[in-house]
Amino acid sequence: MAFSTFNPFDLSGKVAIVTGSNTGLGAGMALALAQAGCDIVGVCRADPGETPARVEAAGRRFVEVRADLSSVAAVDDILGAAVEACGRLDILVNNAGIIRRDDALTFGEDDWDAVMDVNLKSVFFLAQAAARRFVAQGGGGKIINIASMLSFQGGIRVASYTASKSGVLGLTRLLANEWAAHGVNVNAIAPGYMATANTAALRDDAQRNGEILSRIPAGRWGAPDDLAGPVVFLASAASDYVHGHTLAVDGGWLAR
Ligand code: NAP
């Protein structure tokens, strides 16, 4: 192939699982991957939202899988549904996540377990299932975990969220160490402050909103579209020698 026609970001013919594809960052990343050529297996616990129509409008297939990632019981069904519908798997985006807020002095076990189960335990077991498929298929694969600024910083009143997202960063490195030799790239994206349902409470609080905005060098909240380029990069041949990295997409927040 002539160099001038080679596009290292082309995902034509690839199949990607995106968890939490119905809304927010997951919906944005599912659309970006579809626009780069991927068929999308969208994992949602309820209605898939507008994502199927947007993926199909981009000329790609959307396969809907209903699953609740608060339990790892769903993992085999998700992989099975993807492979049955599409015949293969190339990319996993571990995006689904939740947050619970309380003072550390009163933080409860339910709020600890609920967040760790979705944000860390299911992330690991979905990655394990995807990597087993990649190794069995041959030809490698791409795993992209969604981390956070609280993979790098402590935060406040979000004990289980910080623990889970710090865990995502460490797990991303560990899995990269074990699976790079199989041609499996494991990386993460750490979004900064993005305008989604996850951050609605912060944006509704005028004081917190002002504090956050004044600290973001780019001067604005991020949007789901801001993850389009990064997720396509980490899902594509353009990042074949990138392993174990957590890429901050934060408008410069961590540079302060
Ligand atoms: P969001 O709008 O609240 O979306 C979260 C997604 O996760 C939704 O699709 C949600 O499904 C899904 N989900 C939650 N619990 C689930 C479960 N038990 N089983 C299956 N799906 C489940 O939040 P977002 O901002 O797009 O967040 C996406 C990811 O980015 C999360 O991992 C979050 O921690 C991370 N992140 C967000 C920000 C930010 O500023 N927004 C910053 C850093 C990291 P439902 O719609 O059914 O609830």
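Structural remarks
- Helices (runs of 4 or more DSSP H) fully within segment 151-256 counting 3 or more residues that are touching a helix residue (DSSP H, G or I) at 6+ places or on another chain (Cβ under 7 Å) and either touching a residue at least 40 places away in the same chain (Cβ under 8 Å) or over 25 Å from A30 (Cα atoms) (or both): 159-179, 206-215, 228-235
- Condition check for A30: away from the ligand (no atom under 15 Å from the Cβ) and of a type outside the set (K, R): no
- Residue under evaluation G229, criteria (1) away from the ligand (no atom under 16 Å from the Cβ); (2) over 14 Å from the mean Cα position of the chain (by Cα), criterion not met: (2)
- Filter pass, D110 being among the acidic types (D, E), assigned to a helix (DSSP H, G or I), more than 10 Å from the ligand (Cβ to nearest atom) and farther than 26 Å from G222 by Cβ: yes
- For V231, the conditions (1) surrounded by 17 or more Cβ atoms within 10 Å (Cβ to Cβ); (2) more than 24 Å from T23 (Cα to Cα) are fulfilled apart from (2).
- Evaluating I144 against the criteria (1) in a helix (DSSP H, G or I); (2) out of contact with any Ser or Thr (no Cβ under 7 Å at 6 or more places or on another chain) leaves one unmet condition, (1).
- Any hit, segment 94-104, residues being closer than 24 Å to S12 by Cβ and in contact with a strand residue (DSSP E or B) (Cβ under 8 Å, 6 or more places away or on another chain): yes
- Among the criteria (1) of a type in the set (V, I, T); (2) under 30 Å from A163 (Cα atoms); (3) surrounded by 21 or more Cβ atoms within 10 Å (Cβ to Cβ), the one V15 does not fulfil is (2).
- Looking only at segment 53-62, residues that are within 18 Å of L92 (Cβ to Cβ) and within 16 Å of the ligand (Cβ to nearest atom) come to 2 in all.
- Looking only at segment 126-140, residues that are at positive phi and touching a residue at least 12 places away in the same chain (Cβ under 8 Å) come to 2 in all.
- Close pairs (8 angstrom Cβ cut-off, 6 or more residues apart or separate chains): surrounded by fewer than 19 Cβ atoms within 10 Å (Cβ to Cβ) in segment 108-125, among the basic types (K, R) anywhere: A114/R100
- Here E84 meets the list (1) under 17 Å from A228 (Cβ atoms); (2) free of Cβ contacts under 8 Å to residues at least 60 places away in the same chain almost entirely, failing just condition (1).
Since every read-out is calculated from the coordinates, none of them should be taken as a lab result. Just so you know, these numbers come straight off a predicted model, no measurement behind them. Glycine also receives a Cβ, built like all others from the backbone with ideal geometry; neighbour counts cover every protein chain displayed.
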